[in-house]
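What follows is a short report on a single structure.
Readers should treat all values here as calculations from the given coordinates under stated rules, not as data from a laboratory. Predicted model, so just to flag it, every value in this text is computed and none were measured. Positions of Cβ are generated from backbone atoms using ideal geometry, with glycine treated the same way; all protein chains shown enter the neighbour counts.
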Amino acid sequence: MTKYKFLYYLSAIGQGNLDKKFKILKNNLFYLQENFQSSFDIMINCYDNNTTKLEQFLSKIDFLKNIIIHNKKGRLVELWKTNPYHDLISNYDYILYIMDDVLISNLNMSELIHIKEKYDISFLSPKVVGGSWEYMRNQNDNVLAFSNMIEFFCLLLNKNDFYQFMDIHDIENTHTWGVDLLLGHFGIKSAIYYKFYVSHMLVSTTGDGTKENNLAFNEMNKYIKKHGFASHDEILQKYPNIYSTITI
């Protein structure tokens, strides 16, 4: 039985590919329950008006101690910034932030927590199979890489890290693009532990991909300019993605 008060934080979920997302969610919850051998809580941002299917699905999982659902139309950051339950985060020792299309494939939470604490890491990610950037997926298994940039597929956070994660996001940058590029700029100690991995299962899950990507790209440019950078390349020149590695 885990000695930690643990929260599974599902960043957002909605109607697109919902059956697949439910299968992913079920896999992840049962995987963690097997890890911890105890119950834990879940908090979910839902961008559909109707949460009936979600509530029915979760009601069948008896090891979930508390189920907290925030429902609002909108994109990622719009959901997060309006979530009235975030004050409850202070009750948890650790939070696993995760996307709805990310499957836990190989993860030992106790070891991940140990690595986070030993190396005083704020944002800790496993390797992401199917991640957008090569540095998220291509390293030897036992490498811990300290990075100025981490894609936000799956992060182990404590309560202070969680609030910092929310603070660096901007309501005008609804898709979150560009925030992951500025972790070095914000002075947030972040790392990727390649021994464990999750898998990104769905490439695009909402709307017109081209239209959404163009909107996200424009929001990103405004966001990084607000923080003093003219381009992605300028950020990379000052803050290279991987700056140090150790073998565990």
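When the chain is described by a simple charge dipole with +1 on each Lys and Arg Cβ and -1 on each Asp and Glu Cβ, the residue from 70, 197, 228 located farthest towards its positive end is 70. Report the trypsin sites (Lys or Arg not before Pro) located in segment 33-125 that are in a DSSP loop and have at most 11 other Cβ atoms inside 10 Å of their Cβ, or state none. Those satisfying the criteria are 60, 73. The stretch between residue 52 and residue 4 holds 14.3 nm of extra length on full extension. This uses 0.36 nm per residue minus the Cα-Cα distance. Working note: 222 nm ellipticity from helices only, DSSP H runs with n ≥ 4, each -39,500 (n - 2.57), summed and divided by the residues of the chain, gives -9500 deg cm²/dmol to the nearest 500. The GluC sites (Glu not before Pro) of segment 122-183 that meet both conditions, a loop assignment by DSSP and at most 14 other Cβ atoms within 10 Å of the site Cβ, are 172. Just the Cα atoms of the chain, one point each, no solvent: what log10 I(q)/I(0) does Debye give at q = 0.07, 0.16 Å⁻¹? For the requested q values the scattering log ratios are -0.22, -1.28.
Placing a label point 7 Å from the Cα of residue 34 along the Cα-to-Cβ line, the residues of segment 80-113 whose backbone N sits under 11 Å from it are 105-107. Tell me whether segment 3-124 comes out rounded, prolate or oblate; compute the Cα gyration tensor, take square roots of the eigenvalues as a ≥ b ≥ c, and use a/c under 1.5 as the rounded threshold. Prolate is the answer for segment 3-124, as a/c is 1.5 or above and a/b outweighs b/c.
Note on residue 65 and residue 118: with the Förster distance fixed at 41 Å, the Cβ-Cβ geometry gives a FRET efficiency of about 0.90. Between residue 227 and residue 189, the modelled labels are 1.9 nm apart [label points 7 Å from Cα along Cα→Cβ]. Charged side chains reduced to their Cβ positions (Lys and Arg at +1, Asp and Glu at -1) give the chain a dipole of some 220 debye around its Cα centre.
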